[in-house]
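Have a look at the structure below, then the notes.
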Amino acid sequence: MTASTAFLARRRRPVAAGALALCGALALCACGASDSDDDSGSGSGSGSGSGSGETHVVKTAMGDVKVPVAPKRVVVLDTAELDSAITLGVKPVGSTHVEASSGFPGYLPKDEVSGIEDVGEMLNPNLEAVAALKPDVILTSKIRHAAKYDQLSQIAPTVMTENTGYPWKKNFQVHADALGKKAEAKKAVADYDAHAEEVTTAVGGPAKAGATKVNVVRFVEGADIRIYGERTYIATLLKDVGLGRPAIAAKAKDGFSYDVSPERIDLADADVIFRSTYGDPQKAKQTRTVGSSLWKNMGAVKKGDVHTVDDELWIQGIGYTAADRILDEMREYLTEK
């Protein structure tokens, strides 16, 4: 049985032509800045502003940054920040896309991403396009765009978290602070906690959940096969439901992943396996691996407890909107027998 498509209901622009084009865009933004806005501090740029001129300080990975109290024009540069904004009821004016995708994550409601300007591939955003949108605030992370911080900060106050993935709950609070949406964030967290508890109950309660060892395997084009560790986004959801993890998960490098070749895929065996693929299945070694006798002889495979999940949702989403849908799918898969 496959997950209901109902759970998933909910372009690549070129890099800036050159320094002259970017400088021109920055100059236009600077011309639009108010002379009376003299309280701009670290990380403050020259976006169009929230209208009130009021700012508040947000603590970021790059230090304190003054951000409009109620920013209207938001640009996000990664999927986690996009998920946070959508969760909080904010439609960004601009967002990057992930390299392997053809647009924004498919799990997000189409009406909530429709009209968002694509400002380039996530690891190489088009800064000219970002500047042209005259944002009030830019959301991203240090691990993604630390090298571009000075340029981004010239465009608008830039709020960076240290990392992405595992610290997603802490990052979400930073995003909520920057967007002036703390009340909405509190509700999102409460709803998620209640949802996770419902899934735990549905799978038989804490004891049964804990006795069910679950692995998440990702086939990645251009890389070895990843068995996800305990310091990842998806691992936090498994933990919140109370699901157990095989010993291999604790051996993951830096808690992220334990990487294996197709010849060692049996190390991924567990009571339940969720698997996804990033990129071309053949180049990601997925086709070769799942067709092997080593894969077919794993216990989870023999029991029919291997479930193919959407990579955009389970791995790339990184936020409460994605988590809500993952919990729905997790419940379906774990209770279908």
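The values are calculated or read from the model by the stated rules, or taken from the named source; none is laboratory data. Values in this document were obtained by computation on a predicted structure and should not be read as measured data. Positions of Cβ are backbone-derived with ideal geometry, glycine not excepted, and every protein chain shown enters the neighbour counts.
Given the criteria under 16 Å from residue 333 (Cβ atoms) and at pLDDT 95 or above, does residue 198 qualify?
yes
Of 235, 268, 188, which residue is in contact with a Gly (Cβ under 7 Å, 6 or more places away or on another chain) and among the aliphatic types (A, V, I, L, M)?
Testing whether each residue is in contact with a Gly (Cβ under 7 Å, 6 or more places away or on another chain) and among the aliphatic types (A, V, I, L, M) leaves just 235.
Filter the stretch 120-133 down to residues that are within 17 Å of the chain's Cα centre (by Cα) and not in a loop (DSSP other than H, G, I, E, B) and give me whichever is surrounded by the fewest Cβ atoms within 10 Å (Cβ to Cβ).
Restricting to residues being within 17 Å of the chain's Cα centre (by Cα) and not in a loop (DSSP other than H, G, I, E, B), the top hit is 124.
If you go through the stretch 103-146 one residue at a time, how many are among the small types (Gly, Ala, Ser) and closer than 23 Å to residue 66 by Cα?
So the count comes out to 5.
May I ask you to say which residue of 162, 198 is among the acidic types (Asp, Glu) and out of contact with any strand residue (DSSP E or B) (no Cβ under 9 Å at 6 or more places or on another chain)?
198 is the lone residue from the list that is among the acidic types (Asp, Glu) and out of contact with any strand residue (DSSP E or B) (no Cβ under 9 Å at 6 or more places or on another chain).
Kindly state which helices (runs of 4 or more DSSP H) lie completely within the stretch 161-236 and contain at least 1 residues that are more than 24 Å from residue 307 (Cα to Cα) and not assigned by TED's automatic domain parsing to the domain that holds residue 299.
Here the list reads 168-179, 182-202.
Residue-by-condition table, conditions (1) in the same structural domain as residue 312 (by TED's automatic domain parsing); (2) small (Gly, Ala, Ser); (3) surrounded by fewer than 20 Cβ atoms within 10 Å (Cβ to Cβ):
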position	(1), (2), (3)
85	no, yes, no
104	no, no, no
111	no, no, yes
117	no, no, yes
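Can we say residue 255 is closer than 24 Å to residue 311 by Cα, touching a Lys or Arg at 6+ places or on another chain (Cβ under 8 Å) and small (Gly, Ala, Ser)?
yes
Among the numbered criteria (1) surrounded by fewer than 22 Cβ atoms within 10 Å (Cβ to Cβ); (2) under 23 Å from the mean Cα position of the chain (by Cα), which one does residue 276 miss?
(1)
Being over 19 Å from the mean Cα position of the chain (by Cα) and either over 29 Å from residue 229 (Cβ atoms) or charged (D, E, K, R) (or both) is the requirement here; does residue 179 meet it?
Spelling it out, it is not the case that residue 179 is over 19 Å from the mean Cα position of the chain (by Cα) and either over 29 Å from residue 229 (Cβ atoms) or charged (D, E, K, R) (or both).
Mind listing whichever residues of the stretch 62-89 are in a loop (DSSP other than H, G, I, E, B) and under 13 Å from residue 177 (Cβ atoms)?
Listed by number, the residues that qualify are 69, 70, 71, 88.
Here is a check on your reading of the model: is residue 308 within 30 Å of residue 88 (Cα to Cα), at pLDDT 95 or above and among the polar types (S, T, N, Q)?
yes
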